[in-house]
Amino acid sequence: MSKFGVKITPSRFEELFYELSGHEPFPWQKRLFFDWLCPQQPKKSRWPRTIVIPTACGKTSLIDLSLLALAAGADCARLRTVFIVDRRVVVDETFDHAMRLKERLEKAMTRYSRSPLRDVARTLADLGGEGKPLVIARLRGGIVHDEDWASSPLQPAVILSTVDQAGSRLLFRSYGVGGPRSWPISAGLLGRDSLLIVDEAHCSNAFCETVTAIEELWQKLAACDVGKPLQVVKMSATLLGEKELTLDAEDKSNEEIRMRTDTPKITELLHIDTGEETWSDARRELINGILNKVYEYLEEMEDGVIGVVVNRVADARAVFEALKLEEDKKLLLIGKARGWERDRLLEEWLPRIKAGSTERPSPPVVVVSTQCIEVGANIDFDALVTEIA
């Protein structure tokens, strides 16, 4: 830990983490901070290369931990934290999380603030030199990009991005923004003094291999070092191979984690016999089977959210159109929806369907989707009818 950073003791860490995230830290989050990011021996400070944590156990908090490590002056800390996931809906959810962090830090900097985050916010603002503790950017298709994060190489920033956006910029091809003269700026800022957290890394193997090659080549070919080198962290709930950080016995005995990971989920396998029928007839039988099961749940449940996940966009549309429900009782979420339309729908629906929502829909509502929601989307289903992928 640098002598120029904010001193963070275990008790103060819990206080700062709660003020920043709104949640008590899990054991694995404390272990990551003190055993890896800010250990007793500063030269051993580093990020794990692979983090394998189950869904709903706080993986997004790596952004919070990265900011605290930067404020603490950790050797492994980076000015830019780039959270990458190959799903637009998850990029948007993580962007909302990052904006809440920014608002809390800015509020902590006000003149009469007594927030425990005050020293953290001021330290981050001093690093940037422009009085802003944090800049947030969202890089994905279908929106106008705010390039304020690229105006200064010293400004602490959190960048939420899809694989395509981050990858194109690292390879000097920032499509959708500027021209060839601006490409090296994005490549340089993402390629140096940046922490790249690749969420659901098992879905982005090609990107991880490319970034690792960039990381190695940059160190070998650069004429001189400018800033700290790029760091890459692969994160997933199902990553195969080496797991540098994962849940241990203390985590598994944590009441909140046990509730999220060990609650029984009763599963029924339904085989729909399509016989010797044509492809279109077989798909029709599948859709009818799904609809029948949905209607069963609608009969049994007084409130809640029923999810339907199928493999093809056409099937999702067919199920949605065939559902005999009023328009405000069913939602279609597919990757090919127009960006502005999907944003409007999510703004309207998320208060009712997101995890932790206190607004339980009564009677139940049905969300029909493809796998665009299966990777990390923070949606809570009380019942799920899913086609085998």
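Assorted remarks:
- Membrane-span-like helices in the chain, defined here as complete DSSP H runs extending at least 15 Å along the helix axis by their C-alpha atoms with mean Kyte-Doolittle hydropathy no lower than -1.0, are 10-21, 88-108, 118-128, 205-221, 279-300; this is a sequence and geometry rule, not a statement about a membrane.
- Each peptide in 152-159, 280-287 receives the mean, over its residues, of other Cβ atoms within 10 Å, and ordering these scores from highest gives 152-159, 280-287.
- Percent antiparallel among DSSP beta bridges (both partners in the chain, rounded to 5): 5 percent
- Residue-averaged [θ]222 nm for the chain, counting only DSSP H segments that reach four residues, each worth -39500 (n - 2.57): -12000 deg cm²/dmol
- For Val135, the residues 5 or more places off, or on other chains, whose built amide H falls under 5 Å of its own are Ala157, Val158.
- Oblate is the label for segment 22-139, because a/c, from the alpha-carbon gyration tensor with a ≥ b ≥ c as root eigenvalues, is 1.5 or above and a/b does not exceed b/c.
- For segment 189-342, the calculated P(r) over all alpha carbon pairs, in 10 Å bins from 0 to the bin holding the longest distance, is 8, 21, 22, 25, 16, 7, 1 percent.
- Each peptide in 29-39, 243-253 receives the mean, over its residues, of other Cβ atoms within 10 Å, and ordering these scores from highest gives 29-39, 243-253.
- The rule of thumb for compact globular proteins, 2.2 N^0.38 Å, goes into the C-alpha radius of gyration of segment 7-53 1.18 times.
- Values of log10 I(q)/I(0) for segment 100-181 across q = 0.19 Å⁻¹ run -0.84, by the Debye formula with one identical scatterer at each alpha carbon and no solvent.
- Residues Asp126 and Asp382, FRET efficiency given R0 of 41 Å [Cβ-Cβ distance, rounded to 0.05]: 0.30
- Peptides 207-215, 361-369, ordered by how many other C-beta atoms sit within 10 Å of their residues on average, highest first, read 361-369, 207-215.
- Cα gyration tensor, segment 263-356 - rounded (a/c under 1.5), prolate or oblate: oblate
- Ratio Rg/Rh, restricted to the chain and using Cα atoms, in which Rh is the Kirkwood radius: 1.00
- Measuring with a 1.4 angstrom probe and ignoring ligands and nucleic acids, Glu147 comes out at about 50 Å² accessible.
- Gained length - Glu256 relative to Lys30, 0.36 nm times residue gap less alpha-carbon distance: 79.8 nm
The values are calculated or read from the model by the stated rules, or taken from the named source; none is laboratory data. These figures come from a predicted structure and were not determined experimentally. For neighbour counting, all protein chains shown are included, and Cβ atoms are generated from backbone atoms with ideal geometry for every residue, glycine included. The protein model used for the area step is the full one, side chains on, heavy atoms only, and it has no ligands, DNA or RNA in it. Shrake-Rupley method; radii C 1.70, N 1.55, O 1.52, S 1.80 Å.
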